[in-house]
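Colleague: Just dropping this structure here.
The values are calculated or read from the model by the stated rules, or taken from the named source; none is laboratory data. If you're wondering where the values come from, they're calculated on a predicted model, not measured in any experiment. Cβ atoms come from the backbone with ideal geometry, glycine included; neighbour counts cover every protein chain shown.
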Amino acid sequence: MASSSSYDRQRELQAFDDTKAGVKGLVDAGVTAIPRIFHHPRADDDDGAFSFPVVDLSAVAGQRDDDDVVDQVRRAAGTVGFFHVINHGVPDELMSGLLAAVRQFNEGPAETKRALYGRDRACKVRFASNFDLFQSRAANWRDTLFFNLAPDPPRPDELPEAFRDVIMEYRDAVTKVAVRVSELLSKSLGLSSDHLRKMDCTESLHAVCQYYPPCPEPHLTFGIKRHTDPGFFTVLLQDSTGGLQVLVDRGGGRPQTWLDVPPVAGALMVNIGDLLQLVSNDRSKSVEHRVPAIKSEGTARVSVASIFNKEEEEEEEEEEEEEEEEEEEEEEEEEEEASSWSS
């Protein structure tokens, strides 16, 4: 490995980005040691599995059941900030079809991905490995396909072929789920069921399709490092691989710990975003989460995060994420320095 004095990080970043092949391109090239741009400091480990709340949306019928579900959502949103939803109405074949499309696109011809590669926010469909590649302290071991699905969706001819028969159908289905979730969240705050909807909480929808290839040195990097989501809330579709971790405060003076979120078959995961925490006066919690890199003998993980927000927040989302990452990186540097003094 090159010494710190001779290491040219900018050159390595540019060389990686110029391939337009993403992390999958590195895997296909047979790398056995990951590039230094992907190295992250490791200051903490996960603390095992934890039972995250499971909300049954089919129970939202009679008033008594509705009250029970609202109370369940209130507790989940106000503590761990994450909860599964089941019986949500999105067909299993639609969910599996979308995940298959994500896998097909990323494992398909490199030229298909290169044609969409870029970071122009005006593009409604774009592919890149790390949209903040040149701003973040360390790159993440993942590739991302981004769709701006509402309020002004892409034309059919703008969609990758693998997604043309599935992405807009999923948009309609997941938006119905989001409306139901917004009603429960509104009632959990003691407000009318349409309160958040009147704030246009589901007006904007970005679908972020993540592909996490196996990594030869997973202990050195992350699929996604610790972060919060910028919008009102996110509805996450993930495969059965697992990997999502949430930073949970277990109370009693104990330190916060990273807990695994085991997938629930057929469920969608909802997590509170920064804007909802703000408008709820911290009664709903936007909680940090991350995805570790997958071991090289594993199968690539795929997921689709549907981020719901106000339309005018769209242009600010990536700027906020970049600012948050800069702040997190400063905190990580301080933690790393402190740990070096204590070791």
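Colleague: Just checking, which of GLY231, GLY223, GLY190, GLY266 is within 29 Å of ALA300 (Cα to Cα), out of contact with any Leu (no Cβ under 8 Å at 6 or more places or on another chain) and part of a loop (DSSP other than H, G, I, E, B)?
Modeller: Exactly one of GLY231, GLY223, GLY190, GLY266 is within 29 Å of ALA300 (Cα to Cα), out of contact with any Leu (no Cβ under 8 Å at 6 or more places or on another chain) and part of a loop (DSSP other than H, G, I, E, B), namely GLY266.
Colleague: Could you please tell me which pairs satisfy a Cβ distance under 7 Å, a separation of 6+ or placement on different chains, a first residue in the stretch 272-300 that is over 30 Å from ALA100 (Cβ atoms) and touching a residue at least 40 places away in the same chain (Cβ under 8 Å), and a second residue that is of a type in the set (Phe, Trp, Tyr) and assigned to a strand (DSSP E or B)?
Modeller: LEU276/PHE233
Colleague: Given the conditions (1) outside any helix (DSSP H, G or I); (2) touching a Ser or Thr at 6+ places or on another chain (Cβ under 7 Å), and given that GLN277 satisfies all but one, which numbered condition is not satisfied?
Modeller: Only one criterion is unmet by GLN277, namely (1).
Colleague: Something else about it: Confirm whether ALA61 is touching a helix residue (DSSP H, G or I) at 6+ places or on another chain (Cβ under 7 Å), farther than 17 Å from HIS84 by Cα and modelled with pLDDT under 80.
Modeller: For ALA61, the condition - touching a helix residue (DSSP H, G or I) at 6+ places or on another chain (Cβ under 7 Å), farther than 17 Å from HIS84 by Cα and modelled with pLDDT under 80 - is not met.
Colleague: Identify, from the list ARG119, ARG142, ARG155, ARG126, the residue that is at pLDDT 95 or above, surrounded by fewer than 20 Cβ atoms within 10 Å (Cβ to Cβ) and under 17 Å from the mean Cα position of the chain (by Cα).
Modeller: ARG126
Colleague: Could you tell me which residue of the stretch 152-175 is nearest to ALA110 (Cα to Cα), considering only residues that are of a type outside the set (Phe, Trp, Tyr), touching a strand residue (DSSP E or B) at 6+ places or on another chain (Cβ under 9 Å) and part of a helix (DSSP H, G or I)?
Modeller: Result: GLU158.
Colleague: Here are some residues: ARG180, ARG137. Which one is surrounded by fewer than 21 Cβ atoms within 10 Å (Cβ to Cβ), touching a residue at least 40 places away in the same chain (Cβ under 8 Å) and in a loop (DSSP other than H, G, I, E, B)?
Modeller: ARG137
Colleague: Under the condition of being at pLDDT 95 or above and surrounded by fewer than 14 Cβ atoms within 10 Å (Cβ to Cβ), which residue from the stretch 278-323 is farthest from the chain's Cα centre (by Cα)?
Modeller: ASN281
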